[in-house]
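J.: Let me begin by handing over the structure; questions about it come next.
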Amino acid sequence: MKKDKVRTFRSRLREDIKDPEFKKHYQEERQALKLAIKIVELRNQKGLSQ
């Protein structure tokens, strides 16, 4: 029985990021996530819960 190599998220991402359309959407979502994380950090600093 042949053993398949386990693919990690990062190895798959390295492959997928070569596709220009995927890369564009990935970068857009990454920026949105960075903004969301920053908002959560600022809300936590101000003691806001909602």
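J.: Does any residue of segment 2-9 turn out to be acidic (Asp, Glu), free of Cβ contacts under 8 Å to residues at least 12 places away in the same chain and part of a loop (DSSP other than H, G, I, E, B)? Steps first, please.
T.: Keep residues of segment 2-9 that are acidic (Asp, Glu), which gives 4.
Then drop every residue that is not free of Cβ contacts under 8 Å to residues at least 12 places away in the same chain, which leaves 4.
Narrowing further to those that are part of a loop (DSSP other than H, G, I, E, B): 4.
Yes - at least one qualifying residue is present in segment 2-9.
J.: Condition check: over 12 Å from the mean Cα position of the chain (by Cα) and assigned to a loop (DSSP other than H, G, I, E, B). Does residue 50 satisfy that?
T.: Values: over 12 Å from the mean Cα position of the chain (by Cα): yes; assigned to a loop (DSSP other than H, G, I, E, B): yes.
So residue 50 passes the test.
J.: I've got another one for you. Please go through segment 11-23 and pick out each residue that is part of a helix (DSSP H, G or I) and either at pLDDT below 95 or surrounded by 10 or more Cβ atoms within 10 Å (Cβ to Cβ) (or both). So that I can check it myself, show each step before the final result.
T.: Here is the first cut: in segment 11-23, the ones part of a helix (DSSP H, G or I) are 11-16, 20-23.
Selection gives 11, 12, 13, 14, 15, 16, 22, 23.
J.: So, in segment 32-50, how many residues would count as being surrounded by 10 or more Cβ atoms within 10 Å (Cβ to Cβ) and either touching a residue at least 60 places away in the same chain (Cβ under 8 Å) or polar (S, T, N, Q) (or both)?
T.: 1
The values are calculated or read from the model by the stated rules, or taken from the named source; none is laboratory data. Just so it is clear, the structure is predicted and the values come from calculations on it, not from any experiment. Cβ: placed from backbone, ideal geometry, glycine included. Neighbour counts: every protein chain shown.
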